Amino acid sequence: MTRRFAVAAGAYDADVVRIEGPLARRMANVLRLRPGEYVQLFDGSGIEARVLLESVRPAAVDARVVERVSGPPPPPADVRLYVAVAKGDRFDWLVEKATELDVARIVPIVTARSVVKAEGGARLERWRRIAAEAAEQCGRGTVPAVAAPVRFADAIGAAEGALLMPYEAAGPGAPTVGRVIADITPRPGIVSVIVGPEGGFEPAEVERALAAGARVATLGRRILRVETAAIAALVLINDALAAPR
């Protein structure tokens, strides 16, 4: 299997490619790639490049484009995940799995009951690196944007498209996440899903989301951890988006 790497836009516009920085160090020191090997590069443009490595050093990797090919097709909608930050490395895992599930954007949020009061800095850079490496591994043609953490009110104000809120207290008559998406006609081009912390949303937060046009839905009768709820919601959304209309 040919290794794939995410690079900056325009990195392989010319036939000679130079890769520097953390990616070059990873290719040389961690993956121990060697001259004469072929790898695939993608930059989110829809066109990917198969390149021949000519020089592999931690300071810089030089390669030559041997073929340009069409990348994988885009998902049927732009799905954006607004999610409360989980403890420890559980959010790292969430970023990786959400990337594999074709999410377009991940926005960490701080809610009234958030346990982790997330900030930017090194942890944000780590999440972005995880997203890039997950995109390389799973075969998608884009890397999801990972934003700096925002407060709940700002997330609601910025969310676009069909706004969906899985809510543990939605009640037995509430529609499922998949049902809500399936019932939107025509199929939405943007879906924003907002997932709260393990302590749940405050009633005032739910009211604020409803006032902004959010649709409340259920993920079932169990109380889920943040990362479980987010991944379950993404799976159901993807399934509903992929269904024939």
Original post:
Quick one: is R50 among the basic types (K, R) and in a strand (DSSP E or B)?
Top reply: yes
Subject >> Count of residues meeting criterion [over 22 Å from D92 (Cβ atoms) and either in contact (Cβ under 8 Å) with a residue 60 or more places away in the chain or crowded, with 18+ Cβ neighbours inside 10 Å (or both)] in segment 189-214 >> reply: 12
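Yes/no matrix, rows are residues, columns are (1) in contact with a Cys (Cβ under 6 Å, 6 or more places away or on another chain); (2) under 20 Å from M27 (Cβ atoms); (3) among the basic types (K, R):
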site: R126; (1), (2), (3): no, yes, yes
site: R129; (1), (2), (3): no, yes, yes
site: A132; (1), (2), (3): no, yes, no
site: A135; (1), (2), (3): no, yes, no
site: C138; (1), (2), (3): no, yes, no
site: P144; (1), (2), (3): no, no, no
site: Y167; (1), (2), (3): no, no, no
Original post:
With segment 137-245 as the region, which helices (runs of 4 or more DSSP H) entirely inside it contain at least 3 residues that are under 16 Å from I109 (Cβ atoms) and more than 21 Å from the chain's Cα centre (by Cα)?
Top reply: 203-211
Original post:
Going through segment 1-44 one residue at a time, which ones are surrounded by 14 or more Cβ atoms within 10 Å (Cβ to Cβ) and at positive phi?
Top reply: G44
Subject >> Of residues in segment 78-91 being modelled with pLDDT under 95 and at negative phi, the one surrounded by the fewest Cβ atoms within 10 Å (Cβ to Cβ) >> reply: D89
**OP:** Please enumerate the residues belonging to segment 53-90 that are among the small types (G, A, S), within 21 Å of A24 (Cα to Cα) and part of a strand (DSSP E or B).
**Re:** S55, A60, A63
Original post:
What are the residue pairs meeting all of these: first residue in segment 1-27, first residue under 17 Å from R126 (Cα atoms), second residue part of a loop (DSSP other than H, G, I, E, B), Cβ atoms under 6 Å, and 6 or more apart or on different chains?
Top reply: A6/V143; V7/D43; R25/P58
**OP:** Return a yes/no flag: does segment 92-113 have any residue that is part of a loop (DSSP other than H, G, I, E, B), charged (D, E, K, R) and farther than 20 Å from M27 by Cβ.
**Re:** yes
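The values are calculated or read from the model by the stated rules, or taken from the named source; none is laboratory data. Keep in mind that what you see is a predicted model, and the values were worked out from it rather than measured. Because the Cβ atoms are built from the backbone with ideal geometry, glycine has one as well, and the counts that use them run over all protein chains shown.
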